[in-house]
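Report on the structure given below.
The values are calculated or read from the model by the stated rules, or taken from the named source; none is laboratory data. Since we're looking at a predicted model, the values are computed, not measured. All Cβ positions, glycine included, derive from the backbone under ideal geometry; neighbour counts span all protein chains shown.
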Amino acid sequence: MNLFAEFQTRIALILSGFIAAERLPADLDLSRFVVEPPRDPSHGDLATNAAMVYAKEAKPGFANPRQLATEISWALAQDADVAEAEVAGPGFINIRLKPEVFGRVLREALLNGPDFGKPANPSGEAINVEYVSANPTGPMHVGHGRGAVFGDALAGLLAFAGKKVAREYYINDAGAQVDVLARSAFMRYREALGENIGEIPEGLYPGDYLKPVGASLAATHGKALLDKPEAEWLPLVRKFAIDAMMDMIREDLAALNIKHEVFFSERSLTVKQNGVDAVRAVINDLEARGIIYQGRLPPPKGQLPEDWEDREQTLFRSTDFGDDIDRPLIKSDGGYTYFASDIAYHKSKIDRGFLAMIDVWGADHGGYVKRMQAAVKAVSGGRASLDVKLCQLVKLMRDGEPVKMSKRSGDFVTLREVVDEVGVDAVRFMMLFRKNDATLEFDLTKVIEQSKDNPVFYVQYAHARGRSVVKQALKAFPNISVLPSALAEADLSLLTDESEQSLVKLIAQYPRQIEAAAAAHEPHRIAFFIHELASAFHSHWNRGKDQPQLRFVNEEKRDLSCARLALVVSLTLVLASGLALLGVSAPDEMR
């Protein structure tokens, strides 16, 4: 039950009446206004800007926004669920609902349980969410972890909101970096056979994580590779090393409870399959449509880079689709640019039925966004959309000091090391307790503190407190049923304390939070919301310490205790639902 969506519909019906009376234009877009919580809760339960949005388009009869707002508010006052509707300021409308409306919300939360907050009529839209996609050249670092957690939580949120989601990982296994990986692994192979390889040469990967790969190569091939020229052993070692790195990455992701459904190989685009080179096919198609041409690019502003070439190139007309400059598709050596391969990759998503795509990238790829969105628009004829979510850096700290680098990786702290130290719940929650495009400081000490200053503990503790109330109620009333379906029958009109009503109204916001977070592709909104809900619950709990009449269980007032138990169980269901969307556990007790 999304109260905000319901009243959006009711207000749209009122506006439709004005359209029928020819007081508003017939072609009015009735999706442009919003219904949201007022900034000041004392002003009411809902607020809308409908009169402000449509007054300029009104025909004679609505002289200004306040007049339109007055008539909308009068119509709303006739609604059986509305206690009061009043005009504020230049034309905003504040709506106060009758208490029984929120009782219905609590009952729905109790009866729907984990499904509370799901849309009544899900669209079933197919969405491809591609995230992580770290180069398969080593273990994942903490920065990869942020994108992994963000992408996984976003995919889960969209699925909860009624979308058909595919979780995808793009394996960058066709670039020069995988040849460097193969040469690095070959050195570890020689080392495993007893050779003293000395220091790892600059330009190769120095981490100890490649030692097991070298040992596996030695166990599999013995000394057979030593006498082969690089042209023969490189493809073999490259595939072996990539497979080993992807196994490691899958294990790192599994430690965060992340599992992709699709692993798509970049190499599959360029290695001819059934005689087809997918990248060349896309280039040919764009060329046939006049979207590719032979030309020269202007030099970049400022100092020219050393590799700048003033030459005629095969260029994609990306400026026709919103980019700042046209982009090359063929390198000077005849090979494809990364951009050309990425166009073919996103074309494959479209061919698989995904017209809505979300890519989760690191912040250092920000300059790549416009060209990729232009490419998607071009290859789809404008039918497909691409939303790119950039994840900013993670600053790893310990007691406020930067954490030193890891020996295992060679130059960074691995994600697995962090998960093993602080646990999956702390990693996932804290990665989502900042907006994805804001830099995150992750302090290994603070995220495991049991205090209100630790957000993940604070929310989990609220859930555990709620479950402790249930245990307390069972002791006070041994024959009481704490099943949600039984509690839905409680007399919820007994919840008259202002703090109790505030908790009920927060619970009523959860479906709207789901809808808004899914529409904006921002799972951090759920983390913020359940933290706010937990904070309100803890505050009410603390009031009960000084005012016994506010405690949830009163042995002398069974009906009131049942009503308050219904509130607490509803609240814990919402906390558990929100935590589950973030991939975080909801413990019944804290140890």
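So the values come out like this:
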| read-out | value |
| --- | --- |
| First in segment 329-350 and within 17 Å of residue 318 (Cα to Cα) and β-branched (Val, Ile, Thr), second anywhere and at pLDDT below 95 and in a loop (DSSP other than H, G, I, E, B), Cβ under 9 Å, 6 or more apart | 330/337; 337/331 |
| Conditions (1) in contact (Cβ under 8 Å) with a residue 24 or more places away in the chain; (2) part of a helix (DSSP H, G or I); (3) surrounded by fewer than 18 Cβ atoms within 10 Å (Cβ to Cβ); (4) out of contact with any Lys or Arg (no Cβ under 8 Å at 6 or more places or on another chain): number failed by residue 110 | (3) |
| Residues of segment 251-284 classified as modelled with pLDDT of 90 or more, exposed (fewer than 13 other Cβ atoms within 10 Å of the Cβ) and assigned to a loop (DSSP other than H, G, I, E, B), total | 2 |
| Flag if residue 84 is exposed (fewer than 14 other Cβ atoms within 10 Å of the Cβ), in contact (Cβ under 8 Å) with a residue 24 or more places away in the chain and out of contact with any Phe, Trp or Tyr (no Cβ under 7 Å at 6 or more places or on another chain) | no |
| Residue check, residue 437 more than 27 Å from residue 566 (Cα to Cα) and crowded, with 17+ Cβ neighbours inside 10 Å | no |
| Hits in segment 167-186 - residues which are of a type in the set (A, V, I, L, M, F, W, C) and either surrounded by fewer than 19 Cβ atoms within 10 Å (Cβ to Cβ) or assigned to a loop (DSSP other than H, G, I, E, B) (or both) | 174, 176, 180 |
| So residue 215, is it surrounded by fewer than 17 Cβ atoms within 10 Å (Cβ to Cβ) and either of a type in the set (Phe, Trp, Tyr) or part of a helix (DSSP H, G or I) (or both) | yes |
| Count of segment 358-383 residues which are touching a residue at least 40 places away in the same chain (Cβ under 8 Å), within 21 Å of residue 167 (Cα to Cα) and more than 20 Å from the chain's Cα centre (by Cα) | 0 |
| Residue identified as modelled with pLDDT under 95 and not polar (S, T, N, Q) among 489, 498 | 498 |
| Selection from segment 148-161 of residues that are in contact (Cβ under 8 Å) with a residue 60 or more places away in the chain and more than 12 Å from residue 427 (Cα to Cα) | 151, 152, 153, 154, 156, 157, 158, 160, 161 |
| Selection status of residue 71, part of a helix (DSSP H, G or I), within 30 Å of residue 156 (Cβ to Cβ) and among the acidic types (Asp, Glu) | no |
| Some residue of segment 203-223 being within 19 Å of residue 176 (Cα to Cα), within 28 Å of the chain's Cα centre (by Cα) and among the hydroxyl-bearing types (Ser, Thr, Tyr) | no |
| Qualifying position, being over 24 Å from residue 16 (Cα atoms) and part of a strand (DSSP E or B), among 127, 95 | 127 |
| Which numbered condition residue 38 fails, given (1) in a loop (DSSP other than H, G, I, E, B); (2) free of Cβ contacts under 8 Å to residues at least 12 places away in the same chain; (3) of a type outside the set (Ser, Thr, Tyr) | (2) |
| Hey, residue 364 outside the structural domain of residue 133 (by TED's automatic domain parsing), part of a helix (DSSP H, G or I) and over 20 Å from residue 248 (Cα atoms) or not | yes |
| Considering residues of segment 336-357 that are among the charged types (D, E, K, R) and surrounded by fewer than 23 Cβ atoms within 10 Å (Cβ to Cβ) only, the residue farthest from the chain's Cα centre (by Cα) | 351 |
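For every residue, the table says whether it meets (1) under 30 Å from residue 358 (Cβ atoms); (2) modelled with pLDDT of 95 or more.
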{"site": "505", "(1), (2)": "no, yes"}
{"site": "515", "(1), (2)": "yes, yes"}
{"site": "523", "(1), (2)": "yes, yes"}
{"site": "528", "(1), (2)": "yes, yes"}
{"site": "531", "(1), (2)": "yes, yes"}
{"site": "553", "(1), (2)": "no, no"}
{"site": "566", "(1), (2)": "no, yes"}
